[in-house]
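J.: Below: one structure in structure tokens.
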Amino acid sequence: MKVCVIGAVVVFEKCDEIGGTWVYREETGMDKYGLGVHTSTYQGLQTNLPKELMGFPDFPITIGEKSFITAEQVQNFHHIYADYFDLKKHIKLLHCVLVVEPYAEKQWKITTKDLVNNNNFTTTFDFVFVCNGINHSPHIPIYCGQDKFLGKQFHSHEYRKKDIFRNERVLIVGAGASAVDLINYAKEMAAFIAQSYHGGTINFFTLHNSVKRYPEIDHFTSEEVIFSDGSKENFSMVVYCTGYRYNFPFLSAACGITTKRNELVSPLWQHCINIHRPTMAFIGLCHFVMASQIMDIQNRFVLKFFTGHNSLPSREEMLRSEAYEIARRIKRGIRKIHYLGVSYLDQYQKDLARLADIKPLSPAVIRIFRLMQKIAENDFLNMRNNNFMILNNFKYVWVRNWALKFGVDLWEFGRQFTKMDIIRGRYKEYDVDVVRKDGILLLREMAAEVKNFMDFKMNAVMSFFIYDDFPTAGALSSCDVAPREAQ
């Protein structure tokens, strides 16, 4: 059996390094081979999910002391993973896939360009995995007068360093994670910073008076942007943090796959398997997920069918399943069909596990993902100050750097340790003000005691919570698992 993975077993990778969007490049636009630069990584980028959710179920990320790590650390992890499993020998770097087309009844012909030697070659495969990602083809909204605007315009895909904002009057369009990051960088350098976003979109800067907020853009003039409420403002730079569109230019029409901008790739069974040609799979199309975790279970799901361990449903059954899923989402006002999020992700991964008879994702991982959504909604700017540690399949530790607000909880946690006599003598009553006043010293001493019982480091100014279920609002300050059980 010969398998081709675009993006194993032959892997075709058009860049000169593994890692995809996590590879940092100064260049933007086109590379030296005339191809669009794939990466969206910028200087100073940190993950917006903890590393405990970004590794693979059987190969977690252990780099760094904190849960939120840098893009460079993520890229280092990719190399560690590839080296550990000896994958690099299967990867053809600087090989751009030109055409994927069906061959015979179930096979595929892949035409690829060797970019270094400028040669094209064609290979036949039994199965194809399309894994070229979803963050490489920018979606830029079209507005009247946009082409007449004299200022700079670019998508966040082309952003690299904050110096570009120096002394500019900047408008950030969008309210997602990249918009939040770029607003933070622009605030340090720009003469003026504003944000435009959909009325129904979560805005993480409602408490920041330094960022002026506007509704959606209506149209442009040569120097101004006019908004949907009639307000207007002068800008010298507009940055579109408006997401990406699905793009598979190498797929021939005979593959039977159609795309609708950033909303839908169809027809696919369970967001993965090409229903018309079920020896092709798409991995990683879903939005707002734990990407590595979901891609892992998608791969395991697909391989169960590709290897013949499980039989696929009939084509009609798969089409009905997709149609039902699309209709269900549209009824709920969700246009982006591959958008999962908290409400869909858990059921989706359970469905994959049930249909393929494979192991589902860890409940602890799902619970942390749910918790992160709540944290992001309530305190996005400080969410990267949270840290986690997964203890087993069900339990995790949540470490909050802002825990000085919960002095009593810290004290109650400390009482569970046998060597807390010194602290107990100094703080005889549950006085939150006292704990806050001398909180750093207290926490340092507590951390030293915790280290005797637990085999991981705790930074100062932290509180520790161990959960065996998702914490409710009323249980956020509870600790119902004895420390010795966490060893």
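The values are calculated or read from the model by the stated rules, or taken from the named source; none is laboratory data. Keep in mind the model is a prediction, meaning the values are calculated, not measured. Cβ: placed from backbone, ideal geometry, glycine included. Neighbour counts: every protein chain shown. The area values use the complete protein model at the heavy-atom level, side chains included, leaving out ligands, DNA and RNA. Shrake-Rupley method; radii C 1.70, N 1.55, O 1.52, S 1.80 Å.
J.: Give just the number: which of (1) open to solvent by less than 50 Å² (accessible area, probe 1.4 Å); (2) modelled with pLDDT under 95 does Ser343 not satisfy?
T.: Ser343 satisfies all of (1) open to solvent by less than 50 Å² (accessible area, probe 1.4 Å); (2) modelled with pLDDT under 95 except (1).
J.: Still on this structure, I have one more. Among the residues of region 226-239, is there at least one that is crowded, with 16+ Cβ neighbours inside 10 Å, among the β-branched types (Val, Ile, Thr), modelled with pLDDT of 95 or more and in a loop (DSSP other than H, G, I, E, B)?
T.: No.
J.: Tell me which residues, restricted to region 240-261, are under 27 Å from Phe125 (Cα atoms) and part of a loop (DSSP other than H, G, I, E, B).
T.: Tyr246, Asn247, Phe248, Pro249, Phe250, Ser252, Gly256, Ile257
Rundown of residues vs (1) at pLDDT below 95; (2) in contact with a Phe, Trp or Tyr (Cβ under 7 Å, 6 or more places away or on another chain); (3) closer than 19 Å to Phe12 by Cα, yes/no style:
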site	(1), (2), (3)
Lys66	yes, no, no
Ala71	no, yes, no
His95	no, yes, yes
Leu98	no, yes, yes
Ala104	yes, no, no
Ile110	no, yes, yes
Val116	no, no, yes
Asn120	no, no, yes
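J.: Now for a different question. Yes or no: Met372 of a type in the set (A, V, I, L, M), more than 30 Å from Val11 (Cα to Cα), open to solvent by less than 60 Å² (accessible area, probe 1.4 Å) and modelled with pLDDT of 90 or more? Outline the logic, then answer.
T.: Details: of a type in the set (A, V, I, L, M): yes; more than 30 Å from Val11 (Cα to Cα): yes; open to solvent by less than 60 Å² (accessible area, probe 1.4 Å): yes; modelled with pLDDT of 90 or more: yes.
When the stated conditions are applied, Met372 passes them.
J.: Any chance region 300-314 includes a residue that's more than 25 Å from Gly176 (Cα to Cα), part of a helix (DSSP H, G or I) and either at pLDDT below 95 or in contact with an Asp or Glu (Cβ under 8 Å, 6 or more places away or on another chain) (or both)? Walk me through it before giving the result.
T.: Just the residues of region 300-314 that are more than 25 Å from Gly176 (Cα to Cα), to begin with: 300-314.
Still in the running and part of a helix (DSSP H, G or I): 300-306.
From what is left, the residues that are either at pLDDT below 95 or in contact with an Asp or Glu (Cβ under 8 Å, 6 or more places away or on another chain) (or both) are 304.
Within region 300-314, one or more residues are more than 25 Å from Gly176 (Cα to Cα), part of a helix (DSSP H, G or I) and either at pLDDT below 95 or in contact with an Asp or Glu (Cβ under 8 Å, 6 or more places away or on another chain) (or both).
J.: State whether the residues of region 384-392 include one that is open to solvent by 60 Å² or more (accessible area, probe 1.4 Å), under 20 Å from Ile69 (Cβ atoms) and either assigned to a helix (DSSP H, G or I) or modelled with pLDDT of 85 or more (or both).
T.: So in region 384-392, the residues open to solvent by 60 Å² or more (accessible area, probe 1.4 Å) come out as 385, 392.
Now drop any that are not under 20 Å from Ile69 (Cβ atoms), which leaves 385.
Of the ones still in play, those that are also either assigned to a helix (DSSP H, G or I) or modelled with pLDDT of 85 or more (or both) are 385.
Looking for residues that are open to solvent by 60 Å² or more (accessible area, probe 1.4 Å), under 20 Å from Ile69 (Cβ atoms) and either assigned to a helix (DSSP H, G or I) or modelled with pLDDT of 85 or more (or both), one finds at least one in region 384-392, hence yes.
J.: I'm trying to understand the selection: among the residues of region 114-127, which are open to solvent by less than 60 Å² (accessible area, probe 1.4 Å) and closer than 21 Å to Glu17 by Cα?
T.: Quick first cut of region 114-127, residues open to solvent by less than 60 Å² (accessible area, probe 1.4 Å) only: 114-115, 123-127.
Of everything in region 114-127, those that are open to solvent by less than 60 Å² (accessible area, probe 1.4 Å) and closer than 21 Å to Glu17 by Cα turn out to be Asp114, Leu115.
J.: Restricting the first residue to region 351-370 and requiring it to be farther than 13 Å from Gln298 by Cβ and among the small types (Gly, Ala, Ser), which pairs with a second residue that is in a helix (DSSP H, G or I) and open to solvent by less than 40 Å² (accessible area, probe 1.4 Å) meet a Cβ separation below 8 Å and a spacing of at least six or different chains?
T.: none
J.: Hey, another quick one. Across region 10-23, what is the number of residues that are surrounded by fewer than 19 Cβ atoms within 10 Å (Cβ to Cβ) and touching a Lys or Arg at 6+ places or on another chain (Cβ under 8 Å)?
T.: Residues in region 10-23 being surrounded by fewer than 19 Cβ atoms within 10 Å (Cβ to Cβ) and touching a Lys or Arg at 6+ places or on another chain (Cβ under 8 Å): 1 in total.
J.: Please determine, by comparing only the residues of region 293-312 that are open to solvent by less than 40 Å² (accessible area, probe 1.4 Å) and over 17 Å from Pro57 (Cα atoms), which one is farthest from the chain's Cα centre (by Cα).
T.: Looking only at region 293-312, we keep the residues that are open to solvent by less than 40 Å² (accessible area, probe 1.4 Å), and these are 293-294, 296-298, 301-302, 305-306, 310.
Those left that are additionally over 17 Å from Pro57 (Cα atoms): 305-306, 310.
Values: Phe305: 27, Phe306: 27, Asn310: 30 Å.
It comes out as Asn310.
J.: Looking at region 346-364 only, could you name the residues that are open to solvent by less than 70 Å² (accessible area, probe 1.4 Å) and part of a helix (DSSP H, G or I)? Don't jump to the end; show me each part of the working.
T.: Residues of region 346-364 open to solvent by less than 70 Å² (accessible area, probe 1.4 Å): 346, 348-349, 351-353, 355-356, 358, 360-364.
Hits for region 346-364 are Asp346, Tyr348, Gln349, Asp351, Leu352, Ala353, Leu355, Ala356, Pro363, Ala364.
J.: Can you pull out every residue in region 20-43 that is in a loop (DSSP other than H, G, I, E, B) and under 22 Å from Ser292 (Cβ atoms)?
T.: Here is the first cut: in region 20-43, the ones in a loop (DSSP other than H, G, I, E, B) are 23-29, 31-35, 37-43.
Scanning region 20-43 gives Val23, Tyr24, Arg25, His38, Thr39, Ser40, Thr41, Tyr42.
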